[in-house]
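Engineer: So that we are looking at the same thing, I have put the structure below in structure tokens.
The values are calculated or read from the model by the stated rules, or taken from the named source; none is laboratory data. Given the structure is predicted, the values throughout are model-derived calculations rather than measurements. So basically every Cβ, Gly included, is an ideal-geometry build from the backbone, and we count neighbours across all protein chains shown.
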Amino acid sequence: MYITILVVIEIAVFIWLVRLGHSYYVLPLEERPFHELHRQLKPSGDIGHGLGIVGTLMILIGVFGYMTRKRWRALQRWGRLKYWLEFHIFLCTLGPMLVLFHTAFKFGGIVSISFWSMVTVVLSGVFGRYVYVRIPQTVEGRALDWSEIEEIKRTVEQRLKGANELSDEQKQTIWQIWNAPTSLWKKKRQIKRIARKSVDRGSPLYDWLIEQTELMHKLSSDKERINLYKRLFKYWHVFHLPFAIIMLLIMLIHVGVSLALGFYWIFD
Amino acid sequence: MKQKKYLRLSIRALWHIAVMGGLFVGTQPISAQFSPGPLYKGHEELDDISKCTECHVLGHKVQNEKCLNCHDEIAWLLERGRGYHAHSTVRNQPCYNCHSDHHGRNFQIIRFDEKNFDHNLTGYRLEGAHARIDDCRKCHNSQNIRNAELSKDPDTWLGLGTDCLNCHEDEHRGTLGTDCKKCHNLESFKIEDFNHDKTDFPLRGKHAQVDCKQCHKKELLADGSEFLRYADVPHTRCTDCHDDVHRGTISFDCAACHTEQGFKWSIVRRRFNHRKTNYPLEGAHRKVDCKKCHDASNRLTALFAEFRGETIQDCDRCHDDPHEGRFGTQCSECHVVESFYLLKDMSKFDHSVTDFPLKGKHASVDCKQCHTSQHYSDPLPHNHCTDCHEDAHRGEIVDPVTKAVTDCAQCHTEEGFSPSTFDIDQHQTTAFPLEGVHIAVPCVDCHLDQGENRWKFENIGKFCVDCHEDVHQGFLDERFYPNQRCENCHQTESWSDIRAFDHSVTDFPLEGKHREVRCGDCHRADQAEGSVQIQFRDISQQCASCHDDIHYGQFEEDGRTDCQRCHTPQGWKPSTFDHNTARFRLEGKHAELECSACHLPTVRDGHTYILYANGKIHCADCHR
């Protein structure tokens, strides 16, 4: 639900911006000054400038909020890191999107480095997120050892075997499905089909089977693959952070030049 | 240890990214690093990081003053409150509202909607034909821009003057000044309602209808161009524009005869004052059309020149002499110019010049008997005698065919009503040709109605009794003259000639000597009560009723003497008496004797006659 709201907000904002400025943004640069919304949507316009400022603030909050939470031990009790990450992802995708519309799709000058850096950071964030979710972790976000994974698997297997409502054959089939290298969606469908034969929908066992399908799917990767993801994720940090720093540095220059030339947005 | 490793890796990555970024950014000039976009080509020289403040004011964006520092032509206009930029709705706006930059080299920094641009904001309203011009560049082009600097910029909208001549060529070559609006309006160069009254030559009459170009003609200037002259067109004399068709043969000014209403005769006639000539028009001459005296068929060069140089014009120069010289040539002795019919002295009036020459009795009639109106010249009907004379015949004399009243001249002449010219020959053509003694009868005997005491010619009858009294009425059996037709007995030669009557139709056909006797011998007239009446009826057929009995009753028997015993109509002698039928037969010598030998005259009762019945039948009666 939390993620859904954030996604909906992002999509809504995107649709609103596209609908608002589509006719303006598709014009060649030489024609834009003659568009009726030019004064609002140009980078220094009331809306365009506002998008830049709000987007920048979102990025700053998203980056530094998450970094602080993650690195400052004093804040470790402030919410689960998982939500912080999701909020970080939300702000740092919505913010760049606003900045993208702030640029009015003009990419030039030194500030473009900031922009492309931002794009790189966002794309790497998406990639990072992809890798991250494939690394089995604790609730706190700590990566699990292989032995811990093995232990969890054994516990789950024991619990499955203790389920009297299921036949042995069904149990065996379920276990095979859980460990098969297929997609989560396919696994869930197969499990539901088997479970419905013996267990009522909504019963604790049914829900448990579905939950364990997700867990087992995460744990289903073999040891080498998990280690690969872990290594990728370590090096990803090396990639993700420098671009963020470049983005922020040039953004500062861009903001400084703008302020120096008197572009105070609505505070003239 | 691990974290240090990551940090080193991060710094190294950062360095590599910075170098790559620097290389990427370095492909563009330094000015582009902070510029939001290239300046348009007009501002290209300002596209340098060191020149940002040429336009931008630190902390205050772009100020108009910065723009006007360079664009002094706009500043010049603003100072003088002229042009579009000086309009109140424009001058207070930031320049960049309309002329923003950083939109690329090819950006049109000056672009406006030509179709919807409100030209009124420039201070020069587009009106009339100007408002209909589609292409702004028809006016806003370098040829029309006086400022040399501005005229070099093909894209500029500045530098256009508001005088007409700024854009329009002066077709009048300066001859009409520079204020074109005195004559032209903004709708069209063509002037529909130019008020020529403002000029030295107000258009009147036909001049007002003439096309301008008829007087304002094109001239060919020295440079070969055509020029339509409107100013300083000669106009003091008519011949400045019009040809003198009279070629100087007329000494008067054109205006003496002609007006601006046209060259028509009617105008010339009204216009020209003939008193200016040697022959002032008086009387009827004033009403006469010019062409009556002046030959209109003359060529214009000879027109009105007939009398030129003459001082006295005799009437016969124009008028025919109807008197054929009988009254000389000085018409004015009798006539006045008011009218030929008004004479100074009526006694000299020659009526023969009129359509009714006076002849016969007419010549001696007093003028006023016919000319009863005020003026002798008043038209008088005169084609018919009855126009003046009363028709004594009361319209009775008409043409037998047309039934129209017969012209008096058939019978009468101007020599008098009597005698009439109607002669016997004409009478013979009437329904009653004259014969016999009628020819000798005076007209009055038949045609004068004594009762009405007037002549009558129609319906007076054509039978004898219509004129003659029927004296036989009551005395003559109608079977001998049915319907009183006298001609059964009488001839027009003479009443007494009644040879036409056939006595054989009567009860007493005439034989012998009867045929030789006069009618009156038998039909004797009885004179009674003063009238003579001839008896034709009830006449006894006895001989004695006509004849005397010379025998004095010697042969009377029963009181009647039958003469036919002895006599026949062939004559008294010889008698048809046969002595042998008598008592004394003649025999012997007796037969040879003369009657008188025996029958001797006797006198008895005073009558002497031969006694035939002497009763002598005895010898002794005679013989002794």
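Engineer: When only residues in the stretch A:33-57 that are assigned to a loop (DSSP other than H, G, I, E, B) and out of contact with any helix residue (DSSP H, G or I) (no Cβ under 7 Å at 6 or more places or on another chain) count, which is nearest to residue A:254 (Cα to Cα)?
Structural biologist: Ranking the candidates gives A:44 first.
Engineer: Also, I was wondering about something else. I'd like to verify a number: residues in the stretch B:81-103 that are out of contact with any helix residue (DSSP H, G or I) (no Cβ under 7 Å at 6 or more places or on another chain) and more than 20 Å from residue B:153 (Cβ to Cβ), how many?
Structural biologist: Qualifying residue count for the region: 7.
Engineer: Could you give every pair whose Cβ atoms fall below 8 Å, whose first residue belongs to the stretch A:223-252 and is within 13 Å of chain B (Cβ to nearest Cβ) and outside any helix (DSSP H, G or I), and whose second residue is aliphatic (A, V, I, L, M) and surrounded by 14 or more Cβ atoms within 10 Å (Cβ to Cβ), counting only separations of at least 6 or pairs across chains?
Structural biologist: Qualifying pairs under 8 Å: none.
Engineer: Of the numbered conditions (1) surrounded by 10 or more Cβ atoms within 10 Å (Cβ to Cβ); (2) outside the structural domain of residue B:478 (by TED's automatic domain parsing); (3) outside any helix (DSSP H, G or I); (4) not hydroxyl-bearing (Ser, Thr, Tyr), residue B:541 fails exactly one; give the number of that condition.
Structural biologist: (1)
Engineer: Name every residue in the stretch B:41-54 that is without any contact (Cβ under 8 Å) to a residue 40 or more places away in the chain, closer than 22 Å to residue B:111 by Cβ and within 14 Å of another protein chain (Cβ to nearest Cβ), in order of residue number.
Structural biologist: Of everything in the stretch B:41-54, just one residue is without any contact (Cβ under 8 Å) to a residue 40 or more places away in the chain, closer than 22 Å to residue B:111 by Cβ and within 14 Å of another protein chain (Cβ to nearest Cβ), namely B:47.
Engineer: Further question: Return yes or no: is residue A:213 β-branched (Val, Ile, Thr) and touching a Lys or Arg at 6+ places or on another chain (Cβ under 7 Å)?
Structural biologist: yes
Engineer: Now, a different point. Would you be able to tell me the number of residues in the stretch B:418-435 that are out of contact with any His (no Cβ under 7 Å at 6 or more places or on another chain) and surrounded by 14 or more Cβ atoms within 10 Å (Cβ to Cβ)?
Structural biologist: Residues in the stretch B:418-435 being out of contact with any His (no Cβ under 7 Å at 6 or more places or on another chain) and surrounded by 14 or more Cβ atoms within 10 Å (Cβ to Cβ): 3 in total.
Engineer: One residue is enough: does the stretch A:149-172 have a residue meeting the conditions free of Cβ contacts under 8 Å to residues at least 60 places away in the same chain, crowded, with 20+ Cβ neighbours inside 10 Å, among the small types (Gly, Ala, Ser) and part of a loop (DSSP other than H, G, I, E, B)? Steps first, please.
Structural biologist: Start the filter on the stretch A:149-172 by keeping residues that are free of Cβ contacts under 8 Å to residues at least 60 places away in the same chain, which leaves A:150-151, A:154-155, A:157-172.
Still in the running and crowded, with 20+ Cβ neighbours inside 10 Å: A:160, A:166.
Now drop any that are not among the small types (Gly, Ala, Ser), which leaves none.
Among the residues of the stretch A:149-172, not one is free of Cβ contacts under 8 Å to residues at least 60 places away in the same chain, crowded, with 20+ Cβ neighbours inside 10 Å, among the small types (Gly, Ala, Ser) and part of a loop (DSSP other than H, G, I, E, B), which makes the answer no.
Engineer: While we're looking at this one, here's another question. Restricting to the stretch B:342-354, what's the tally of residues that are surrounded by 14 or more Cβ atoms within 10 Å (Cβ to Cβ) and farther than 16 Å from residue B:320 by Cβ?
Structural biologist: 4
Engineer: Can you tell me how many residues in the stretch B:605-624 are among the small types (Gly, Ala, Ser) and closer than 15 Å to residue B:550 by Cα?
Structural biologist: Of the residues in the stretch B:605-624, 2 are among the small types (Gly, Ala, Ser) and closer than 15 Å to residue B:550 by Cα.
Engineer: Right, next: Given the criterion in contact (Cβ under 8 Å) with a residue 40 or more places away in the chain, within 14 Å of chain B (Cβ to nearest Cβ) and of a type outside the set (Asp, Glu), identify the matching residue among A:21, A:48.
Structural biologist: Answer to the check: A:48.
Engineer: Taking into account only those residues within the stretch A:25-39 that are within 13 Å of chain B (Cβ to nearest Cβ) and more than 14 Å from residue B:108 (Cα to Cα), which is farthest from the chain's Cα centre (by Cα)?
Structural biologist: Going through the qualifying residues, I end up with A:36.
Engineer: Moving to a separate point now. Working only within the stretch B:348-396, note down all residues that are in contact with a Cys (Cβ under 6 Å, 6 or more places away or on another chain) and under 30 Å from residue B:459 (Cα atoms).
Structural biologist: Residues satisfying the conditions are B:385, B:388.
Engineer: Quick one: in the stretch A:184-222, of everything that is without any contact (Cβ under 8 Å) to a residue 60 or more places away in the chain and in a loop (DSSP other than H, G, I, E, B), which residue is surrounded by the most Cβ atoms within 10 Å (Cβ to Cβ)? Steps first, please.
Structural biologist: Step one: of the stretch A:184-222, the residues without any contact (Cβ under 8 Å) to a residue 60 or more places away in the chain are A:184-214, A:217, A:220, A:222.
Then keep just the ones that are in a loop (DSSP other than H, G, I, E, B); that gives A:199-203, A:220, A:222.
Numbers: A:199: 19, A:200: 11, A:201: 10, A:202: 7, A:203: 13, A:220: 21, A:222: 11.
Checked the stretch A:184-222; the qualifying residue surrounded by the most Cβ atoms within 10 Å (Cβ to Cβ) is A:220.
Engineer: Please enumerate the residues belonging to the stretch B:74-108 that are touching a Leu at 6+ places or on another chain (Cβ under 9 Å) and within 14 Å of chain A (Cβ to nearest Cβ).
Structural biologist: Selection gives B:95, B:101, B:102, B:103, B:104, B:105, B:107.
Engineer: Which one is modelled with the highest pLDDT among residues in the stretch B:207-231 that are surrounded by 13 or more Cβ atoms within 10 Å (Cβ to Cβ) and part of a helix (DSSP H, G or I)?
Structural biologist: Checked the stretch B:207-231; the qualifying residue modelled with the highest pLDDT is B:207.
Engineer: Checking the structure you have, find out if any residue of the stretch A:25-32 is more than 24 Å from residue B:93 (Cβ to Cβ), part of a helix (DSSP H, G or I) and out of contact with any helix residue (DSSP H, G or I) (no Cβ under 6 Å at 6 or more places or on another chain).
Structural biologist: Within the stretch A:25-32, the subset more than 24 Å from residue B:93 (Cβ to Cβ) is A:25-26, A:28.
Cutting the leftovers down to part of a helix (DSSP H, G or I) gives us A:25.
After this cut, where a residue has to be out of contact with any helix residue (DSSP H, G or I) (no Cβ under 6 Å at 6 or more places or on another chain) as well, the list is A:25.
Within the stretch A:25-32, one or more residues are more than 24 Å from residue B:93 (Cβ to Cβ), part of a helix (DSSP H, G or I) and out of contact with any helix residue (DSSP H, G or I) (no Cβ under 6 Å at 6 or more places or on another chain).
Engineer: Report, by residue number, each residue of the stretch B:544-568 that is surrounded by 15 or more Cβ atoms within 10 Å (Cβ to Cβ) and closer than 24 Å to residue B:480 by Cα.
Structural biologist: B:546
Engineer: Condition test on residue A:263, is it touching a residue at least 60 places away in the same chain (Cβ under 8 Å), within 14 Å of chain B (Cβ to nearest Cβ) and not in a helix (DSSP H, G or I)?
Structural biologist: In short, yes.
Engineer: Can you find, within the stretch B:32-61, the residue that is modelled with the highest pLDDT among those that are over 18 Å from residue B:99 (Cβ atoms) and in contact with a Pro (Cβ under 9 Å, 6 or more places away or on another chain)?
Structural biologist: Looking at the filtered set, the residue picked out is B:48.
Engineer: Next up: For the stretch B:101-126, enumerate the residues that are without any contact (Cβ under 8 Å) to a residue 24 or more places away in the chain, surrounded by 15 or more Cβ atoms within 10 Å (Cβ to Cβ) and assigned to a loop (DSSP other than H, G, I, E, B).
Structural biologist: B:126 - this is the single residue of the stretch B:101-126 that is without any contact (Cβ under 8 Å) to a residue 24 or more places away in the chain, surrounded by 15 or more Cβ atoms within 10 Å (Cβ to Cβ) and assigned to a loop (DSSP other than H, G, I, E, B).
Engineer: Tell me whether the stretch B:502-516 contains one or more residues that are in a loop (DSSP other than H, G, I, E, B), surrounded by 14 or more Cβ atoms within 10 Å (Cβ to Cβ) and modelled with pLDDT under 85.
Structural biologist: Within the stretch B:502-516, not a single residue is in a loop (DSSP other than H, G, I, E, B), surrounded by 14 or more Cβ atoms within 10 Å (Cβ to Cβ) and modelled with pLDDT under 85.
Engineer: Can you tell me which residue within the stretch B:232-254, out of those that are among the aliphatic types (A, V, I, L, M) and modelled with pLDDT under 85, is nearest to residue B:304 (Cα to Cα)?
Structural biologist: Here the answer is B:250.
Engineer: Filter the stretch B:436-457 for residues that are surrounded by 12 or more Cβ atoms within 10 Å (Cβ to Cβ) and assigned to a loop (DSSP other than H, G, I, E, B) and give the result.
Structural biologist: If the condition is that a residue be surrounded by 12 or more Cβ atoms within 10 Å (Cβ to Cβ) and assigned to a loop (DSSP other than H, G, I, E, B), then B:441, B:456, B:457 are the ones that fit.
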